[in-house]
Structures are given as structure tokens and as C-alpha cells.
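Have a look at the structure below before the remarks.
The values are calculated or read from the model by the stated rules, or taken from the named source; none is laboratory data. Please read these numbers as outputs of a predicted model, since none were measured by experiment. Cβ placement follows ideal geometry from the backbone for every residue including glycine, while neighbour counts extend to all protein chains displayed. These area figures cover heavy atoms from the full protein model, side chains too; ligands, DNA and RNA do not enter into them. Shrake-Rupley method; radii C 1.70, N 1.55, O 1.52, S 1.80 Å.
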Amino acid sequence: MTTSDPSAPVVLDQVSVPIGGRPVLRDVDLTVRSGEVVTLLGPNGSGKSTLVRAVTGLLPHTRGTVRLFGTPIEQFRDWPRLGFVPQRSSAAGGVPATVREVVASGRVGRRRLLRPSGAADRVAVESALEVVGLVDRASYGVSQLSGGQQQRVLIARALAGEPDLLVLDEPTAGVDLPNQQALADALGRLKARGATILLVAHEIGPMMPLIDRSVVMRDGRVAYDGPPLTQEVASHTHHAHDHPADGPGSHDHVPHVASPLDFERRNRS
Amino acid sequence: MTFWDLFSLGFMQRALIAALLTGLAAPAIGTFLVQRRLALLGDGIGHVAVTGVAIGLLTGTSPTWTAVVVAVLGAVLMELIRERGHTNGDVALALLFYGGLAGGVLITGIAGEGAATLQAFLFGSLNAISVGDVWSTIVLTVVVLTVTLGLLPQLFAVASDPDFARVAGLRVRTYNLLIAVLAAVSITVAMRTVGLLLVSALMVVPVATSQQVARSFRTTLAGAMLVGCVAAVGGLVLSAALSFRVTVAPGPTIVLLALAMFTATWPLGVWLRRRSRLMAPFPEVTATPHRSTVEHPHEHGEACGHPAVPHGDHVDYVHDGHRHAVHGEHYDEH
Ligand SMILES: Nc1ncnc2c1ncn2[C@@H]1O[C@H](COP(=O)(O)OP(=O)(O)OP(=O)(O)O)[C@@H](O)[C@H]1O
Ligand SMILES: [Mg+2]
Ligand SMILES: [Zn+2]
Ligand SMILES: [Zn+2]
Ligand SMILES: [Zn+2]
Ligand SMILES: [Zn+2]
């Protein structure tokens, strides 16, 4: 895919990310345009979370460029424009905290040091709680909530920062259908406000109507990028190209490399 | 001399001020350690600080300041090890604990000081606090409290979800190091009253006590500081009172008092949690199919003894895992 708009919220150009010396993402091209809702699909271990972590700056990439809103990620400083919902992290810590406190911590990127929270902070927190439908639970301890409700708390926390780009890693995992619907409604309201959303999902379910584009990952590569797919279709997508060097059933796309050490040695020679 | 005469003694007044400040600072930073599930980090730093005290004794400089320096270095080292490693990091931390304690005892021996001198630092002491110590305690406590309370939103975000905080643009590593350094500082603050080996208890037990009744992070923090103050001052007075008959260091009495407060609030916590579960409104459920009870000899009513919970336009009676609503001649499962 050719990069059309270099100032789009997310532009990945030939990005490779290794973890512990092993290439996990390989030559990934991805553009998420302003106002788009893109789902990232793919089997377990295909590199969806790695891609998300590269986009959010949590993992460094070794090749290619990652641009956020047109700025290379190394120089990007406007982090409050980015909202992040990590995969499967519980909203509860070692000390009790209320739903409102956790959601308010989403403002932290926009707050100045040593200043009390202002009216704008409170308004943003209330409206984030409203979007996810947890206003009546705001003073509950987060550990009193169900898993799906905690997931909504984490989404509200990301929303409280009033991001222009929202990156969610499997917010629907282990969430029942009514809660998925509530989530889809929340994302729908955000989309209507003009937010850009990059969403990793296993079950698309009620989010289907929101989605503009699907990207399917396989073995750290983009295997499909086009009109929305459901997960069932996605799991039957085949590789865009074949690798004759691979043996049947082999999933390692770097031929004749048995270990990272091997890989480095080859690179040097 | 009677018990009340104690309070007119200069060393006792100094000890009381130090205990009060310790009771404020240690639980404040302890709350963040517990939030990060690093409750034992304080213990590790305390052990390392023993070496710092010993170096002070050996070189004839103030043990408070050498302890601050060594404890801060140890805390930073532990934080770096923790950041890098997983299981091996655990072992490395343990090595640091034992190394700190063993080194401290050895160096104290070399310095020609007896076990009694070190004992005052390990378990606290009533009469070892000089005017200079009081001033350094005040300064260090003010630093710890200003930073923890002033940076509360940032520290809370980092302690509860480092990945999220990093994406929000916070320098997570700096904040983690800051917490470690503050922990080291408050441990040296607490050294004179509770002692290095028990100081971690004053960081953790008040938080555990406060958690029993608090639901929010802020009230937990405030409650922990309150419990810390009561335990530190109360424990000190208790050890002074006991010292008419036997010799007790203040450290153990402070910690035991804190534990007693935890034990006392535990049933309260159980009751509160139970009550908050019962008080919580029932979730909005979409219309469930009509389900009537099979057989129900008991008749629910105003004074039947079962909790009556308003549910929309009627009342549910809660018992034995059922919610029963009157429906004509029988009860419905709601
Ligand atoms: N911390 C890590 N250390 C070593 N390898 C890792 C690490 N994290 C991920 N990997 C590897 O990277 C690959 C991609 O992992 P990733 O978490 O991105 O998958 P995913 O598509 O998000 O899967 P899931 O659907 O299970 O969340 C996997 O093969 C995994 O083994
Ligand atoms: Mg994942
Ligand atoms: Zn009854
Ligand atoms: Zn009912
Ligand atoms: Zn009944
Ligand atoms: Zn009926």
C-alpha cells in the first residue's frame, strides 16, 4: 500500500520490530487516516499487540518509520493526543481506588505538575464516565466491578485525556454481549466526534457497523488490508504471497535462520 | 518519677516529634509501594541502610546522613534491577538485602562499636535522638510529604499502570526512581524511632489497616497516615511506660500497636464490605423469563427478618441466595 497522507494519525512505513533479537513485526505498512476506525485482526501471536506497542512508543522499532500525526515517533511530544487501552490489564491495583480516581488518572498527561485539578479536568472525567455509561458507578471501588465493567473504566480513562487517536488492544476480550454493545456505543459516540480509532479485536460483534477498514496480521506481517472483515473471514484469509523457501507448515519467514544469533551473524556477513 | 513526668524530658519530647513525623511519612510512601505491589521493597532498603549506619559509625560522621546516602543508592540499584529482570531480579534483591545487613554488622564490628549501638538503629531507641536528628527528621519529612502529595496524580498513574502512564507522556522511569528514593529517605527518617529492621512494617501495616475501611486511593492514603501517626506516637509512649519495668525498644511496640489496629479494623472491614455489597443496587437486568419458586413455606413481609430491597415498583426479599418478590399467591425469583 502506498502512503497517501503523511500527516495521518498513524503512518507505519516498512516497520520492523524485534523482541529479544527475534523479528516479530516485519516490514509492516499501515496508515490510519483521520476519523477512521480500523480493526486489527489476526491469530494469537501474530503481532497485533506488538504493532500497538510500536505505535504507542512502548517498543522501539529497528527499521522503517513510525509517524504519529506526521511527526516521527522519536520526536513526537504531543502524547495527550493519544489515548491507550492496554490489553488485559486489570483496573485494580494493590490499593483500593474508585472508578472516578482511575478515570481521572487519564488526565495526567494534560495536567501540569504540582497543580490541583481544574474545571476542565472534572468536565472531561464526567463526560468520559458518561460515554461508557458508568456515571452511577463512579464512586465504586474498581475491584467491585466485573471484568467487562473494568474494561470500560480503562476506556473511560483513555477518553478522559480527550485523545484524537484512540488505540485499544482487545477491549472486548472476555466481555459479554451487552457490555460489548455498550462498548460499541461508546466508540460510536467517539467516532461521531471525529476521533480516529485503531482497535485490536477478536470478536467484532456489535462493532461491525462502525468499522471502516480491517487489517489482518499473520506472522508479523500484514496479510490483508481492505474493507471490513469479520473474524471468521479473517481467520481464513491466506497469505498475499507465498514463500517457496518455507517448508510446508513452516511459519518462520526468515529462511535458514535458526536463532537470533544466527540472524545477527548473517546480517554481519 | 511518674509516667507523666516523662513528657517533660527533653529526649522524650524529641522522640515524640520524630515519631509523629515518621508516622506521617512512612505510610505516605508505603501506599505507593503497596499500589505497585512492592510491599517488601522497604524491607530491602532498610537492610541496605544498615550498612550506611555502620559506615557512619566507622567514619565518625552522622549515621543519619550516611544512611540516607547508602539507602538512596541501594534503592536506585534495586529499582534498576527490578526494571531489568524478572525472576533473577528477585534473587538479586535478596542478595542486596543480606549483603546490606551482613555488611552493616561487619563494619560496625570493625568500627569497634558493640551490638548495643547498632541495636538502637535496628529497633529504634527512645533516648538516642539529638536535636540535630530532630531537625534532619523534620527536613526529610517535609521533602517526602511535599513530593508525594504534590505529585499524587502522576505517582498514582505511574504506580497503577506504567504502560498507560508512559503513553500519556510521563517519564515512568524517573517517577519510579523518585518513589524508590523517597522510600529510602523515609526509611532513614523512621530509623531512629522504629528501627531499620521494622520500618517496612510502618510503611505497609497502616496501609493494610486503612484499606479495610477505605474505598478510594485518597482516603486510603489519608487513613494510612492517620494510623501511622497513632501507632508511632502510641507505640513510643507505650514503650516509655513499659521502660519503668523492662527495657523495650520503641520499634516493636510501634509495630505491634499498628498490627493491633489492623486486627481491630479487620472485622470492621469484613462488615463494611458485606454491607456495601448488600447496599449496592442490583444490576439493571433485562426482563428475565417469569420464574416462580417451587415451594415456599415462609411468608415474607415487613418484619420477616429478611433484608427487603426495593426493586423497581416492588420489593425483593433476599435470603439464601434468592431474591424473592411477591407475585399473587407465590414468590418470583428475581
Ligand atoms: N515480551 C516478549 N518476549 C518475547 N517474545 C514476545 C514478547 N511479547 C511478544 N512476543 C512474541 O511476539 C509475537 C507476537 O506477540 P503479540 O503479543 O504481538 O501477539 P498478539 O497478536 O497480540 O496475540 P494475542 O492475540 O494473543 O494478543 C509472539 O510470537 C510472541 O511470542
Ligand atoms: Mg495481543
Ligand atoms: Zn422473609
Ligand atoms: Zn424484584
Ligand atoms: Zn423467599
Ligand atoms: Zn409469579
**Report entry** Computed label-point distance, nm, for sites A:Arg88 and A:Ser143 using a 7 Å Cα→Cβ extension
**Finding:** 2.1
Report summary line: Interface call, segment A:67-116: threshold 30 Å², probe 1.4 Å, accessible heavy-atom surface of protein chains, chain by itself vs complex, result A:Trp79, A:Phe84, A:Gly93, A:Gly94, A:Val95, A:Pro96, A:Glu101, A:Ser105, A:Val108, A:Arg111, A:Leu113, A:Leu114
Query - Percent RCO, i.e. relative contact order, over segment B:4-269, from Cα pairs under 8 Å lying at least 6 residues apart - result: 32
Query raised in the report: From the Cα gyration tensor of segment B:21-125, with a ≥ b ≥ c the square roots of its eigenvalues, which class applies: rounded if a/c is under 1.5, or else prolate if a/b is larger than b/c, or else oblate?
Result: oblate
Query - Within chain B, longest stretch clear of exposed GluC sites (Glu not before Pro) (DSSP loop, no more than 15 other Cβ within 10 Å) - result: B:114-283
Report task. Using a 1.4 angstrom probe on heavy atoms only, work out the carbon and sulfur share of the accessible area of the protein assembly as shown in %. Result -> 60
Requested in this report: Between the alpha-carbon centers of segment B:287-325 and segment A:93-164, tell me the distance in whole angstrom.
Outcome: 36
**Report entry** Length gained when the stretch B:Ile138-B:His330 is fully extended (0.36 nm per residue, less Cα-Cα span)
**Finding:** 62.2 nm
Report task. Would you mind checking which residues have amide H under 5 Å from B:Tyr331's amide H? H placed 1.01 Å from N; only 5 or more apart, or other chain. Result -> B:Thr293
Query raised in the report: Among B:Val76, B:Val48, B:Val318, whose mean-square fluctuation peaks in a Gaussian network model of chain B (Cα, cutoff 10 Å)?
Result: B:Val318
Report summary line: Residues whose built amide H sits under 5 Å from the amide H of B:Val315, excluding neighbours closer than 5 in sequence, are B:Val326
Query raised in the report: For chain B, modelled as a GNM with alpha-carbon contacts under 10 angstrom, which of B:Pro297, B:Pro27, B:Pro267 fluctuates the most?
Result: B:Pro297
Query raised in the report: Ballpark to the nearest 100 Å², how much total accessible area do B and A bury together, probe 1.4 Å?
Result: 2600
Query raised in the report: Along the Cα-to-Cβ line of B:Asp5, 7 Å from the Cα, sits a label point; which residues in segment B:233-250 have backbone N less than 17 Å from it?
Result: B:240-246
Report task. Pick out which of B:Phe32, B:Phe217, B:Phe97 has the largest mean-square fluctuation in a Gaussian network model of chain B, springs linking Cα atoms closer than 10 Å. Result -> B:Phe217
Report task. Please work out the average accessible area per residue across chain B, using the 1.4 Å probe convention, and give it in Å². Result -> 48
